[in-house]
Structures are given as C-alpha cells and as structure tokens.
1. Would you pick out the residues in the range 42-66 that are under 13 Å from the mean Cα position of the chain (by Cα) and over 14 Å from residue 82 (Cα atoms)?
2. I need the full set of residues from the range 31-67 which are under 22 Å from residue 163 (Cβ atoms), of a type outside the set (A, V, I, L, M) and open to solvent by 20 Å² or more (accessible area, probe 1.4 Å), in order please.
3. Confirm whether residue 134 is of a type outside the set (A, V, I, L, M, F, W, C) and crowded, with 19+ Cβ neighbours inside 10 Å.
4. Being assigned to a strand (DSSP E or B) and out of contact with any helix residue (DSSP H, G or I) (no Cβ under 6 Å at 6 or more places or on another chain) is the filter; apply it to the range 13-63 and report the residue that is modelled with the lowest pLDDT.
5. Would you kindly identify the helices (runs of 4 or more DSSP H) lying entirely within the range 64-160 that contain at least 2 residues that are closer than 22 Å to residue 51 by Cα?
6. Could you please let me know if residue 121 is at negative phi and buried (at least 20 other Cβ atoms within 10 Å of the Cβ)?
7. Among the residues of the range 79-113, count how many are open to solvent by less than 20 Å² (accessible area, probe 1.4 Å) and touching a strand residue (DSSP E or B) at 6+ places or on another chain (Cβ under 6 Å).
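The values are calculated or read from the model by the stated rules, or taken from the named source; none is laboratory data. Please read these numbers as outputs of a predicted model, since none were measured by experiment. Cβ placement follows ideal geometry from the backbone for every residue including glycine, while neighbour counts extend to all protein chains displayed. The area values use the complete protein model at the heavy-atom level, side chains included, leaving out ligands, DNA and RNA. Shrake-Rupley method; radii C 1.70, N 1.55, O 1.52, S 1.80 Å.
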Amino acid sequence: MRAHFKIDSKIYYAISSSSRGVKLRLWSIHPKYLDRIGLVAVWREGLLAKRVLEGKTRGYRNHPQLLRFKESERPLDSIDAYLFQIYLEARRRGYSFDISKIRGIGLLGALKVTRGQLEFEFNHLLRKLEMRDKRKFEELKDLDPREVEPNPIFIVIEGGVEKWEKHPIH
C-alpha cells in the first residue's frame with residue numbers, strides 16, 4: 001500500500017523517485033528529523049548526486065531530485081553545502097562520516113524550497129518511521145508539519161509540492 005497525504009487540497013502519493021529501481025531522495029527537511037537509516041542514506045545518495053554534478057557518473061543525470069542543485073548558480077557548491085549540513089548532523093550524533101568527501105561550505109538559505117514540499121517530505125518520513133523506527137516516530141509524530149524546518153541551505157517560500165517531485169497525484 002502506498003502512503004498518501006493531502007496538502008493544499010491535493011492528494012500526493014509518497015514514492016521516492018528512482019532510476020533503474022534504486023531510490024534517491026535528497027531530503028529538503030532538516031537532517032535532525034531523520035533516523036539513523038535516513039541520515040546514512042541521504043549521505044550516500046548526496047555523495048552520488050555530487051558525482052553526477054561533477055560529471056563522474058552517467059546514471060541519474062536527469063533525476064528530478066537533482067534539478068534544484070543543477071539549476072542553482074553554483075551546483076557543486078550547493079551540493080557540498082547540502083552535504084555539509086548532513087555531515088554536521090551526523091557529527092552531532094557521534095557518527096563518523098568522511099568529511100574529506102566534500103568541501104565544508106556553509107551556504108545558508110542559498111536555495112528555495114516550498115512549504116508544501118517540506119510538509120510532503122515530513123509526512124513521507126513519518127510514514128517510513130512508523131514502520132522502521134518507532135522511537136523516532138514517537139518523537140516526531142506530534143510536530144506540526146507546517147512548522148518543520150528545512151536543511152539550512154534552503155530558504156522556505158510559500159507554495160505546494162515542488163514540480164520536480166516525481167510522483168504527485170493532483
């Protein structure tokens with residue numbers, strides 16, 4: 001069964017975008033909301049996205065999750081800044097992610113994300129957590145999705161689910 005959420009009177013089905021069957025999600029929400037599995041996955045997927053933006057891999061070049069980075073003024077700086085925030089959260093939790101894989105760039109508010117996208121992602125995350133990490137789910141379930149913070153590289157603007165989100169059903 002697919003999870004679905006209603007935002008701005010539209011129904012969205014939460015399915016991570018994929019290329020050749022491998023899921024890729026570069027979360028817009030702050031990494032503090034992610035469980036251990038989600039944090040490790042977004043680090044790994046972010047590093048893959050970086051390789052794509054560097055032209056070091058042929059796969060995923062047109063992946064919708066990469067559009068906001070590709071369309072930014074400085075794509076490599078944007079993805080490194082994104083990954084730096086993931087790294088900082090991992091370090092805060094005592095994990096040892098390899099900082100040498102990225103440049104520690106502190107771009108804050110460099111990219112835009114809509115409030116609707118954050119709500120969509122948070123609801124999608126809650127559905128995942130309900131099944132795989134009950135403790136994290138209990139910690140987050142009562143948060144108002146309209147108050148969810150973004151990864152610090154994003155500035156929040158009004159709007160619905162982003163157009164690059166692969167599977168919204170209107």
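1. Passing the criteria: only 64.
2. 45, 60, 61, 62, 64
3. On the way: of a type outside the set (A, V, I, L, M, F, W, C): yes; crowded, with 19+ Cβ neighbours inside 10 Å: no.
Here the answer is no, as residue 134 does not meet what is asked.
4. Among those that are assigned to a strand (DSSP E or B) and out of contact with any helix residue (DSSP H, G or I) (no Cβ under 6 Å at 6 or more places or on another chain), it is 13.
5. 67-70, 75-92
6. On the way: at negative phi: yes; buried (at least 20 other Cβ atoms within 10 Å of the Cβ): yes.
Spelling it out, residue 121 is indeed at negative phi and buried (at least 20 other Cβ atoms within 10 Å of the Cβ).
7. Result for the range 79-113: 2.
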